[in-house]
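Taking it in order: structure first as structure tokens, then the write-up.
The values are calculated or read from the model by the stated rules, or taken from the named source; none is laboratory data. Only a predicted model underlies this, so the values are computations on that prediction, with no experimental measurement involved. Positions of Cβ are backbone-derived with ideal geometry, glycine not excepted, and every protein chain shown enters the neighbour counts. Please note that ligands, DNA and RNA were not included when accessible areas were found on the heavy atoms of the full protein model with its side chains. Shrake-Rupley method; radii C 1.70, N 1.55, O 1.52, S 1.80 Å.
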Amino acid sequence: MAETKDKIDPPVTLVEPIDMSRLDSSFRKEIQSMPDGNELNACFACSTCTAACPIANQWTYKPHQLIRMILLGMREEVLSSKEIWECLTCFQCQERCPQNVRVTDILFDCKNLAAEEGKVPDSIKGLAKELIEKGQLYVITADWEREDLDLEPEVPGMSTDEFREILKATRTGKIVGGE
Amino acid sequence: MPTYNLYMGCSVPANYPNYEAATLKVAEALGMELIYMDGVGCCGSPNLRAIDYFGWLVVNARTLAIAEKNGHDIVTPCNGCFGSLKDVLYHLKHDKEDMKKVNDELKKYGLELKGNVRVRHVVEAMYTDIGIEAIKAKVTRPLDGVKIAVHYGCHILRPKDVTEINPENLDDLLRATGATVVEYPLWKQCCGATVLPVNEELAIRLAHDKLKSMKEAGAEFAMVICPACGNQLDLQQFGIKDTYGVEFNLPVLFYPQILALAMGMSEDEVGLEMNRVPADPILSHFVE
Ligand code: SF4
Ligand code: SF4
């Protein structure tokens, strides 16, 4: 029987206590200065984004927590998280946010910052390599299928040289070159 | 005759020539002139946006600038290409500094982007420029009201301020063929294509949930307008069978395939046999 004298466990919290010394207060400004970060400060932690997210249930850090972590300066945790890479880029969170925080776009910004530090999952690195080497993600292999349908064996007008040249000179080149 | 820059991307021609062929044939029948763009490459996909924002801006701005030069709107059959081109254009129109940086790069190719070009999904162009009535007038053997669930795809619906697409227009396009549009709870949900490279198990789960939702709502077929979504909902039914032991057996067709058939074209003309889950059951639904 429950007695008032029973010992009460500490309350269950969603996140581990935050180590203040590891916070990076410039992270918030960094994201804010990126393409879609202007509205970041408007987040009032309602978790609507998380409610809209089809995969938050299997994430340690939910979308609203990721936004909060950015605001707090938990740079290392956010940029090393698997969540930013698993994001489907489905924009459901962003569509529902009552404060117009561009949640999905901000996660794209985080991925770019992670990539700048070389933190890119191997499978994505592999795709980057394909882009530099082949100049496209998918290459035609079954041209007979195309010919059966009266299509040219190769896509008319397709050219990959400029694409490869551009990406070799930008961060993709750096990511692939650093293999 | 309305004339367009046709931006095919790399996924449709490599993986779904049936979608490409059906699109060309339907456009021709509707009096739309689609001209393959010259000298353009891949859009890079959301994966490129994730790792190399600036590179993604430049490669897509290059495509936009080529289209701008010849003055026609860009149309594409791929939601991924649509999303990339639309997003880049939206960003550059709102960010003068990036527009300048990107144009400095484009100068090397003798190009300049002003931002006047319009980017459209090819089916939206059918809806807006040709119109439902004119499309209906071309339907010679309508479907018998068979229940079809529409998977719109994330990058055509969202973010809405960027994509400017109304999902109801796609419903109207499908209804013009005589089909009944099935409402289902997970209509907004992602097919899982983007996460495939980093977490296949999760991608399969998402495709599974989506198909289950369609099926439970009574859908006999699914309609898509994107090669990546097509891949996840059609081909992935085999992955779902391996993982969950569930066989949905839900044929998935690209909108132009459905329309072409309703216009009286043959199954060979739209490459129906290339659809991974056999889609020929649709043929029994056309009222001759
Ligand atoms: S929905 Fe918007 S305001 Fe609410 S927690 Fe998410 S980002 Fe913050
Ligand atoms: S975009 Fe990413 S974070 Fe937002 S709802 Fe989709 S999967 Fe979740």
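Specify the residue with the greatest mean-square fluctuation among A:Cys46, A:Cys93, A:Cys110, computed from a Gaussian network of chain A linking alpha-carbon atoms under 10 Å apart.
Maximum fluctuation in the GNM of chain A, among the listed residues, is at A:Cys46.
Tell me whether the range A:44-83 comes out rounded, prolate or oblate; compute the Cα gyration tensor, take square roots of the eigenvalues as a ≥ b ≥ c, and use a/c under 1.5 as the rounded threshold.
oblate
With the contact rule set at Cα under 8 Å and sequence spacing of 6 or more, what percent relative contact order holds for the range A:38-168?
21
Which number comes out as Rg/Rh for the range B:223-288 once both Rg and the Kirkwood Rh are worked out on C-alpha atoms?
1.01
Could you work out the local net charge near B:Lys212, counting Lys and Arg as +1, Asp and Glu as -1, over the other residues with Cβ closer than 14 Å to its Cβ?
Summing Lys/Arg as +1 and Asp/Glu as -1 gives +1.
Rounded to a whole number, what is D in µm²/s for the range B:140-195 from Stokes-Einstein with the Kirkwood radius over alpha-carbon pairs (10 °C, 1.306 mPa s)?
127
Averaged across the residues of B:11-24, what count of C-beta atoms belonging to other chains lies within 10 Å of each residue's C-beta?
5
Output needed: percent of Cα pairs per 5 Å distance bin for chain A, bins running from 0 to the one holding the longest distance.
Percent of pairs per bin, in order: 1, 7, 13, 14, 14, 12, 10, 9, 7, 5, 3, 2, 1, 1, 1, 1, 0.
Gap in Å between the Cα centre of the range A:145-169 and the Cα centre of the range B:187-205?
Each part reduced to its Cα centre gives a spacing of 27 Å.
What does the helix-only formula give at 222 nm for chain B: each DSSP H stretch with n ≥ 4 adding -39500 (n - 2.57), the total divided by the residues, and the result rounded to the nearest 500 deg cm²/dmol?
-13500 deg cm²/dmol
How would the range B:141-288 be classified by its alpha-carbon gyration tensor: rounded, prolate or oblate, with rounded meaning a/c under 1.5 and the a/b versus b/c comparison settling the rest?
It comes out oblate by the Cα gyration axes.
Please compute, for peptide B:34-47, the average count of beta-carbon atoms on other protein chains lying within 10 Å of each residue's beta-carbon. Walk me through the intermediate numbers first.
On the way: counts 0, 2, 5, 5, 4, 5, 7, 13, 12, 3, 9, 6, 6, 12.
Other-chain Cβ atoms within 10 Å of each residue's Cβ, averaged: 6.
Cα-Cα over 26 Å: which of A:Lys174/B:Lys114; A:Lys111/B:Lys241; A:Lys168/B:Lys96?
A:Lys174/B:Lys114; A:Lys111/B:Lys241
When the Debye formula is applied to the Cα atoms of chain B, each taken as the same point scatterer, what base-10 log of I(q)/I(0) results at q = 0.07, 0.13, 0.15, 0.16 Å⁻¹?
These q points yield log10 I(q)/I(0) values of -0.25, -0.87, -1.13, -1.26.
Skip the ligands, DNA and RNA, and give the accessible area per residue of chain B with a 1.4 Å probe, whole Å².
Details: 10280 Å² over 288 residues.
About 36 Å² of surface per residue is accessible.
What's the center-to-center distance, using Cα atoms, between the range B:98-131 and the range B:144-182 in Å?
Here the answer is 24 Å between Cα centres.
For the residue pair B:His94 and A:Glu165, what label-to-label distance in nm results when each label sits 7 Å from Cα along the Cα-to-beta-carbon direction?
3.2
With a Cα-only, solvent-free Debye model of the protein assembly as shown, what are the log10 I(q)/I(0) values at q = 0.07 Å⁻¹?
Relative scattering, expressed as log10 I(q)/I(0), comes to -0.37.
To the nearest 500 deg cm²/dmol, what mean residue ellipticity at 222 nm is calculated for chain A from DSSP H runs of n ≥ 4 alone, each contributing -39,500 (n - 2.57), summed and divided by the residues?
Numbers: 11 runs with 85 residues, N = 179.
About -12500 deg cm²/dmol.
Using a Gaussian network model of chain A with C-alpha springs under 10 Å, which one of A:Pro54, A:Pro17, A:Pro35 is most mobile by mean-square fluctuation?
Between A:Pro54, A:Pro17, A:Pro35, it is A:Pro17 that shows the largest mean-square fluctuation.
Provide a whole-number value for the mean count of partner chain Cβ atoms within 10 Å of the Cβ atoms in peptide A:49-61.
2
With the calculation restricted to Cα positions, what are the radius of gyration and Dmax of the range B:35-75 in angstrom?
Cα only, the range B:35-75: 11.0, 32 Å (Rg, Dmax).
If you build a Gaussian network model of chain A, linking Cα atoms that sit under 10 Å apart, which residue out of A:Leu107, A:Leu40, A:Leu88 swings the most?
Most flexible of the set in this elastic network: A:Leu88.
Per residue of the range B:235-249, in order, report the coupling 6.51 cos²θ - 1.76 cosθ + 1.60 (Karplus, θ = phi - 60°) as ³J(HN,Hα) in whole Hz, putting x for Gly and Pro.
4, 5, 4, 6, x, 5, 4, 5, 7, 9, x, 9, 10, 7, 6
Could you check how many percent of all C-alpha pairs in the range A:98-179 are farther apart than 14 Å?
71
Is the range B:114-224 best put as rounded, prolate or oblate by its Cα gyration tensor, with a ≥ b ≥ c the root eigenvalues, rounded for a/c under 1.5, and otherwise prolate when a/b is larger than b/c, oblate when not?
The shape class here is oblate.
At the nearest 100 Å², what buried accessible area, both sides summed, do you get for B and A when the probe is 1.4 Å? It would help to have the intermediate numbers written out before the result.
On the way: alone 12650 and 11950 Å², together 19890 Å².
The contact between A and B buries close to 4700 Å².
When Lys and Arg each count +1 and Asp and Glu each count -1, what net charge do the other residues less than 12 Å away from B:Val119, Cβ to Cβ, add up to?
-1
Please list, in order along the range B:68-83, the HN-Hα scalar couplings obtained from phi with the Karplus expression 6.51 cos²θ - 1.76 cosθ + 1.60 (θ = phi - 60°), rounded to whole Hz, x for Gly and Pro.
With the stated coefficients, the range B:68-83 comes to 4, 4, 9, x, 9, 5, 8, 10, 9, x, 10, 5, x, 4, 4, x Hz.
Counting only heavy atoms of the protein chains, get the accessible area per residue of chain A (1.4 Å probe) and round it to a whole Å² value. Could the numbers behind the result be given before it?
Values: 9600 Å² over 179 residues.
About 54 Å² of surface per residue is accessible.
Just how far, in whole angstrom, is the range A:86-115 from the range B:38-62 if you go by their alpha carbon centroids?
Centre-to-centre (Cα) distance: 18 Å.
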